[in-house]
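FYI, it's all coordinate maths here, none of it is from the lab. This one's a predicted model, so the numbers in the text were calculated from it and none came from an experiment. Virtual Cβ from ideal backbone geometry, glycine too; neighbours counted across all protein chains shown.
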Amino acid sequence: MKKLRVAVIGIGFWGRNHARVFKELEETELLAVCDINAERAQNVAKQFGVKAYTNSGKMLRRKDIDAVSICTWSLKLADEALKALKTGKHVLVEKPMAVSVKQAGKLVETAQQKKLHLTVGFLMRFIPGIQHMKKAIENRIIGNLVCATAKRVSEWPERIGDIGVVKDTAIHDIDVVRYLFDEEPIAVYAKTGSMKYKKFEDYAQIMLTFNGGRSAFIESNWLTPYKTRTLIITGSKAIMKLDYISQELTIEDAKETMQPRYPWQEPLKLELQHFANCILRKEKPLINGIDGLKTLQIAEAALKSSETGKVIRIT
Ligand SMILES: NC(=O)c1ccc[n+]([C@@H]2O[C@H](COP(=O)([O-])OP(=O)(O)OC[C@H]3O[C@@H](n4cnc5c(N)ncnc54)[C@H](O)[C@@H]3O)[C@@H](O)[C@H]2O)c1
């Protein structure tokens with residue numbers, strides 16, 4: 001079987017998981033890892049038996065690398081993704097993809113010009129429960145979708161030092177509701193603030209409104225002493241609840257509560273397998289660069305809404 005030959009740029013907490021999964025998958029062959037921290041690059045490269053680089057430009061000059069995943073600090077994601085696209089590599093860039101819509105637009109444009117696959121690490125779409133919810137909405141099992149409520153709260157993960165909770169954390173839920181509602185919100189209203197983490201906002205309440213009076217409410221913070229990641233979708237006939245951590249899904253209507261059983265699956269494995277198959281077997285991408293750009297646009301609208309105290313219309 002033809003394998004996708006891959007490398008990872010940025011091998012801290014999350015990039016190391018990318019490297020491990022690429023090593024485990026049948027569809028991929030991990031060739032190299034790169035990190036500006038030389039000791040880290042050496043250690044991870046040794047662990048996986050691949051070559052270490054501290055200079056991504058040098059690594060990207062290798063002709064045998066087909067694709068890369070970018071897992072650097074959020075502020076550096078777009079620069080590294082652009083470099084990789086310019087050298088002809090397919091790219092999976094971690095969320096939030098870029099720090100501005102303008103930067104994200106440049107990535108989309110470059111991928112289109114070079115006819116390369118560009119995707120964003122919106123991992124939540126690969127949680128099996130989200131796929132069940134999507135099908136339940138499409139098959140009208142819950143009736144008409146009315147609203148969604150997402151909660152993603154925990155203590156501040158100290159390694160995140162370059163962006164706030166909206167672009168780091170709430171962005172997952174913004175992407176999920178765009179996906180489930182299958183349309184873009186028309187307006188955003190948000191309240192964000194900074195309690196403990198002085199450099200950026202560490203809590204956010206975001207309300208998105210969609211056509212036909214439908215809405216989504218997203219709560220994110222780095223203030224809660226325990227980790228909760230849940231999503232509730234309410235339809236005219238039933239509601240569905242997902243715990244992202246246990247992957248437990250519940251469907252409730254007026255008569256009964258059901259819990260569909262399916263095996264727990266590692267979402268990163270599903271995500272990276274799909275990344276490889278989009279390139280090797282032309283599988284239809286679940287997420288493209290435009291999804292990253294539009295999600296970032298909504299995150300920026302939320303920050304602007306909080307700053308101005310106004311509802312921001314999405315155009
Ligand atoms: N999709 C998800 O669920 C998910 C989960 C965790 C993290 N992430 C994303 O992954 C990224 C990394 O997060 P993390 O928690 O691993 O952070 P981290 O700080 O643990 O690791 C980042 C690594 O990137 C390296 N680095 C920074 N700039 C670089 C550059 N220009 N070239 C090469 N290496 C560089 C750093 O030395 C560090 O080792 C972030 O963008 C984060 O948003 C996504």
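Between beta-carbons, use under 13 Å as the cut-off and find the net charge around Glu26, counting Lys and Arg +1, Asp and Glu -1.
Residues close to Glu26 contribute a combined charge of +2.
List the lysines whose Cα lies under 19 Å from the Cα of Lys134, skipping any in the same chain that are fewer than 8 positions away.
Lys134 reaches Lys151, Lys237, Lys241, Lys284.
Taking loop as defined by DSSP and a crowding limit of 16 other beta carbons within 10 Å, which GluC sites (Glu not before Pro) in the range 140-239 fit?
Answer by residue number: Glu158, Glu183.
For Cα pairs less than 8 Å apart in space and 6+ apart in sequence, what is the mean separation divided by the residue count of the chain, i.e. the relative contact order in percent?
Relative contact order comes out at 19 percent.
Indicate the helices, whole DSSP H runs only, in the chain that combine a mean Kyte-Doolittle hydropathy of -1.0 or more with a Cα extent along their long axis of 24 angstrom or more.
Length and hydropathy pass: 289-308.
Grab the other residues whose beta carbon is less than 12 angstrom from that of Lys86, score K and R as +1, D and E as -1, and report the net.
Cβ neighbours under 12 Å give a net charge of +2.
For the range 62-72, what does the Karplus curve 6.51 cos²θ - 1.76 cosθ + 1.60, with θ = phi - 60°, yield as ³J(HN,Hα) per residue in whole Hz, taken in order and with x for Gly and Pro?
5, 6, 7, 8, 8, 8, 9, 10, 10, 10, 7
At what distance in angstrom do the alpha carbon centres of the range 195-214 and the range 262-315 lie from each other?
The range 195-214 and the range 262-315 have Cα centres separated by 17 Å.
Apply the Karplus curve 6.51 cos²θ - 1.76 cosθ + 1.60, θ = phi - 60°, to the phi angles in the range 215-226 and return the couplings in whole Hz, x for Gly and Pro.
Running phi through 6.51 cos²θ - 1.76 cosθ + 1.60 with θ = phi - 60° gives 8, 9, 10, 10, 10, 9, 7, 10, 10, 7, x, 9 Hz.
Which of rounded, prolate, oblate describes the range 216-315, given a ≥ b ≥ c as roots of the alpha-carbon gyration tensor eigenvalues and a/c under 1.5 marking rounded, otherwise prolate only if a/b is larger than b/c?
Oblate, because a/c is 1.5 or more while a/b does not exceed b/c.
At 222 nm, what helix-only mean residue ellipticity would the chain give, in deg cm²/dmol to the nearest 500, using -39500 (n - 2.57) for each DSSP H run of four or more?
-10500 deg cm²/dmol
Could you list Glu39, Glu266 so that the one with the fewest beta carbons within 10 Å of its beta carbon is first and the one with the most is last?
Fewest-to-most Cβ neighbours within 10 Å comes out as Glu39, Glu266.
Calculate the spin-label point distance for Ser100 paired with Glu184, positioning each point 7 Å from the Cα along the beta-carbon direction, and give it in nanometres.
Each label point lies 7 Å from its Cα, and together they span 1.9 nm.
Please sort by residue number the GluC sites (Glu not before Pro) in the range 234-283 whose DSSP state is loop and whose Cβ has at most 14 other Cβ atoms within 10 Å.
Within the range 234-283, the qualifying GluC sites (Glu not before Pro) (loop, at most 14 other Cβ atoms within 10 Å) are Glu256, Glu283.
Please compute P(r) over all alpha-carbon pairs of the range 4-120, binned at 10 Å starting from zero, and give each bin as a whole-number percent.
16, 51, 29, 4
Listed here are the pairs Lys23/Lys227; Lys76/Lys102; Lys114/Lys167; Lys106/Lys294; which of them are more than 18 Å apart at the Cα?
Lys23/Lys227; Lys114/Lys167
Treat the count of other C-beta atoms within 10 Å as a stand-in for reagent exposure and order Val166, Val44, Val108 from fewest to most.
Val108, Val44, Val166
Would you tally the net charge around Phe122, using a Cβ to Cβ cut-off of less than 12 Å, leaving Phe122 out, and scoring K and R as +1, D and E as -1?
My count for the surroundings of Phe122 gives -1.
Return the whole-Å distance between the Cα centroid of the range 5-39 and the Cα centroid of the range 49-122.
13
Taking N as the number of residues in the chain, what is its Cα Rg relative to 2.2 N^0.38 Å?
For the chain, the normalised Cα radius of gyration comes out at 1.00.
Of Ser306, Ser215, Ser194, how do they rank once you tally other Cβ atoms within 10 Å and put the fewest first?
Ser194, Ser215, Ser306
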